[in-house]
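Undergrad: Dropping a structure here in structure tokens format, bear with me for questions.
The values are calculated or read from the model by the stated rules, or taken from the named source; none is laboratory data. Note that this is a predicted model, so its numbers are computed, not measured. Using ideal geometry, Cβ is built from the backbone for each residue, glycine included, and neighbour counts are taken over all protein chains shown.
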Amino acid sequence: MDARVRQGSARPVLESQGHRASNNCASRALPSGIMSEQVHPYTGEPLSVSPLTWSHAAFVSAVQHYARRSRLIKDRLRDQVKTAGEVIV
């Protein structure tokens, strides 16, 4: 477990890593929203077949995983601060 998660600052950690990764993927999609399997690391141009269902499925799976983990961490933090009388929005 990341030390920042143990210290109660998990939200910024998740948002910075999760948002950065998902925004990176989304920004590499073609204007139509289609994703290719590979992109050039410097130009972002597609290097392989498009559309590729595998790429879309992996992206959706990652976003779902991120949402579940984010919710779990928020719920745990909310439970921890209830005993202190604080409120997390």
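Undergrad: Scan the stretch 22-34 and report the pairs whose first residue is more than 16 Å from Ser48 (Cα to Cα) and whose second residue is in a loop (DSSP other than H, G, I, E, B), with Cβ atoms within less than 8 Å and a gap of 6+ or a chain change.
TA: That search, which allows pairs on different chains as well, returns Ser27/Gly44.
Undergrad: Report the residue count in the stretch 38-86 for those that are without any contact (Cβ under 8 Å) to a residue 40 or more places away in the chain and either among the aromatic types (Phe, Trp, Tyr) or within 20 Å of Gly18 (Cα to Cα) (or both).
TA: The total comes to 21.
Undergrad: If you scan the stretch 43-75, which residues turn out to be of a type in the set (Ser, Thr, Tyr) and in a loop (DSSP other than H, G, I, E, B)?
TA: Thr43, Ser48, Ser50
Undergrad: If you scan the stretch 58-89, which residues turn out to be modelled with pLDDT of 75 or more, exposed (fewer than 11 other Cβ atoms within 10 Å of the Cβ) and not charged (D, E, K, R)?
TA: Of everything in the stretch 58-89, those that are modelled with pLDDT of 75 or more, exposed (fewer than 11 other Cβ atoms within 10 Å of the Cβ) and not charged (D, E, K, R) turn out to be Val60, Ser61, Gln64.
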